[in-house]
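Below: one structure, written as structure tokens.
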Amino acid sequence: MSRSKRKPLPTTPIAVSIQSLTHDGRGVAHVDGKATFIDEALPGEDVEFIYTEIRKDYAEGKVVKVLKAAPIRTQAPCPHYGVCGGCSFQHVESSAQIEVKQNLLLEQFKRIGKVEIPELWEPLIGPHWGYRSKARMGVKYVAKKERVLVGFRERRNPFLAEIGNCMVMNPKVGLKLIALGEMISELTIRDKIPQIEVAIGDTDCVLAVRVLEPPTDADKAIMADFAKQHEITLCLQSKGPDTIKPLNSEDSMMLTYSLPDHDIEFKFRPAMFTQVNYDINRQMINRVLATLDLNENDTVLDLFCGLGNFTLPIAKYAGKVVGIEGDQPLVNHAKENARHNNINNAEFYAADLSKDLDAHPWAQQKYNKIMLDPSRAGASDVLPYFKKWQPELIVYVSCNPSTLARDAGILVNDMGYVLVKAGVMDMFPQTAHVESMAVFRKA
């Protein structure tokens, strides 16, 4: 039923007590027996809220007044918070956010996986602001205002938020949103640019501008001047990621990030997946290597390996490592990164890890240790193959505590593994996103 045919939402604020948090950081209350998920509400608080959505089985709302605040509540420093949908946790003290996420991990393991975490790692913590090196920003020409908006969607709304800067993004871009909008507003194709792909390496910054129509020579000159002034590389993207080309053919759109502790440098292109937080990524890799406790007798399988973020540092210390990734271009790039770093004991193969793997020769081998870092969907489809591979140790990095908890239940309750340790990493401060890691050992 469309919104126009629904009953109008009540407008009178309702007072409730918040009992818990959802996985995406919303407070949970019950009104007339119905679960209600409320933006910017924290457990233990009394708040007044108004409805933003009412469904048959649940409702949604937003806080309009805090009657009794939780000790961890703070004033969000960003003036756009609550409107911009890029962040959802700025109302929580930065130092307390990771504890909230850790408690969520404990709850998810217990409720979904039916597994107790016997020991918690100390959380991995990095910069709270200016950390984000990858993003996809929306662009919108607003004719009535004769200006171009650059940034992120409004919270639970398809419209682009009107923001001046982004405090969580690397300042190379986060402080230039207005300047970007002003530059685009000068172009003849200002209403034909829907998004910008942001990619920042250790030293360089590349912006891939999606264009629905080719820019004129005058447009290109304006963009080139902007790129030179702000010391960035501008690219044009006419269709899919493989169409990204530098505005100036003499420029390189290749970026790099490094792992100084292991003397490794990764090369990547703008649309390729990389971790958004380099500080936490380095800490995370060091924890993975310490946990795997590698030696020359180890044969390691790295599932969902991407461009080799874990594979190559593992190869520095193991006898052999095999990386598997579903995206062939990423596999090709992982091989290039291995050559770039003179690593010869890493093999890479393309395979859809949600499908039957029996035809792949690498899947017929045994591996004494497995590293995996799947998407939010988790790894339940590939877990049955662990019986064939017989790893003695499994390190699982996850961007979704719910699917990690589910998969932990499979490993522990169905496959005879013991959960040794788990913990969270503050990969995405100021958001409800939870990055975590768990280690399992064969009983």
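The values are calculated or read from the model by the stated rules, or taken from the named source; none is laboratory data. Predicted model, so just to flag it, every value in this text is computed and none were measured. Reconstructed Cβ throughout: ideal geometry from the backbone, glycine too, with neighbour counts over all protein chains shown. Side chains included, ligands, DNA and RNA excluded: accessible areas come from the protein's heavy atoms. Shrake-Rupley method; radii C 1.70, N 1.55, O 1.52, S 1.80 Å.
Based on a Kirkwood Rh over C-alpha pairs, give the Stokes-Einstein translational diffusion coefficient of segment 260-384 at 4 °C and viscosity 1.567 mPa s in µm²/s.
On the way: Rh = 14.7 Å.
The estimated diffusion coefficient comes to 88 µm²/s.
GLU60 sits with roughly 40 Å² accessible to a 1.4 Å probe, with DNA, RNA and ligands left out of the calculation.
This model, with +1 at the C-beta of Lys and Arg and -1 at the C-beta of Asp and Glu, gives the chain a dipole about its Cα centre of some 1320 debye.
For segment 278-425, the per residue solvent-accessible surface stands at 37 Å², with DNA, RNA and ligands left out and a 1.4 Å probe. With θ taken as phi - 60° and the Karplus curve 6.51 cos²θ - 1.76 cosθ + 1.60 applied, the whole-hertz 3J(HN,Hα) list for segment 311-325 is 4, 5, x, 4, 4, 5, 10, 9, x, 7, 9, 10, x, 10, 8 Hz, x standing for glycine and proline. Amide H contacts under 5 Å for PHE348: GLY323, restricted to partners 5 or more places along the chain or on a different chain, H placed in the peptide plane at 1.01 Å from N. Residues whose amide H lies under 5 Å from that of SER380, counting only those 5 or more places away or on a different chain, are absent; hydrogens are built 1.01 Å from N in the peptide plane. Each label was represented as a point 7 Å from its Cα along the Cα-to-Cβ direction; for ASN295 and ASN157 these points are 6.1 nm apart.
For the chain, what value does the Rg/Rh ratio take when both radii are computed over Cα atoms and Rh is the Kirkwood radius, given to two decimals?
Values: Rg = 23.6 Å, Rh = 23.8 Å.
Rg divided by Rh gives 0.99.
The phi-based Karplus calculation (6.51 cos²θ - 1.76 cosθ + 1.60; θ = phi - 60°) puts the 3J(HN,Hα) values of segment 359-364 at 7, 8, x, 4, 6, 8 Hz, whole numbers, x for Gly and Pro.
Rounded to the nearest 0.05, the FRET efficiency derived from the C-beta distance between ARG55 and ASN286 at R0 = 35 Å is 0.20. Using the Cβ-Cβ distance between ALA218 and ASP263 with R0 set to 56 Å, the FRET efficiency from 1/(1 + (r/R0)^6) comes to roughly 0.75.
When MET254, MET183 are compared by accessible area at a 1.4 angstrom probe, the order from most to least is MET254, MET183.
Averaged per residue, segment 38-145 has 51 square angstrom of accessible surface, using a 1.4 angstrom probe with ligands and nucleic acids left out. Ranking THR256, THR216, THR274 by solvent-accessible area of protein heavy atoms (1.4 Å probe, all protein chains present), from largest to smallest, gives THR216, THR256, THR274.
A 1.4 Å probe over all protein chains sorts ASP39, ASP327 by accessible area into ASP327, ASP39, starting with the largest. For ILE264, the residues 5 or more places off, or on other chains, whose built amide H falls under 5 Å of its own are LEU259.
What percentage of the solvent-accessible surface of the chain, computed with a 1.4 Å probe over protein heavy atoms, is contributed by carbon and sulfur atoms?
Values: 10060 of 20380 Å².
In the chain, the share of accessible area belonging to carbon and sulfur is 49 percent.
Kindly provide the trypsin sites (Lys or Arg not before Pro) of segment 20-59 that DSSP labels as loop, not H, G, I, E or B, and whose Cβ sees at most 13 other Cβ atoms within 10 Å. Passing both the DSSP loop test and the Cβ count: ARG55, LYS56. Label positions at VAL31 and THR11, each projected 7 Å from the Cα along the C-beta direction, are separated by 1.5 nm. 3J(HN,Hα) along segment 52-66, derived from phi through the Karplus expression 6.51 cos²θ - 1.76 cosθ + 1.60 where θ = phi - 60°, amounts to 10, 6, 10, 10, 4, 9, 7, 9, 10, x, 9, 5, 10, 7, 9 Hz, with x in place of Gly and Pro.
Show me the GluC sites (Glu not before Pro) within segment 213-300 that DSSP assigns to loop and that have at most 11 other Cβ atoms within 10 Å of their Cβ.
Of the GluC sites (Glu not before Pro), the ones in loops of segment 213-300 whose Cβ has at most 11 other Cβ atoms within 10 Å are GLU231, GLU250, GLU296.
Need the full-extension length gain, SER375 to GLU392, defined as separation in residues times 0.36 nm minus the C-alpha distance. One decimal, nm.
Working: separation 17, 0.36 × 17 = 6.12 nm, distance 2.32 nm.
Full extension of this stretch gives 3.8 nm more.
Per residue of the chain, the DSSP helices (runs of n ≥ 4 H) give a summed -39500 (n - 2.57) that works out to -6000 deg cm²/dmol at 222 nm.
Once you have the Cα-Cα distance between ALA350 and ALA69, take 0.36 nm times their residue separation minus that, and quote the gain in nm to one decimal.
Working: separation 281, 0.36 × 281 = 101.16 nm, distance 5.06 nm.
Computed gain between ALA350 and ALA69 is 96.1 nm.
Placing +1 on the Cβ of every Lys and Arg and -1 on the Cβ of every Asp and Glu, with nothing else charged, gives segment 247-377 a dipole about its Cα centre of roughly 140 debye.
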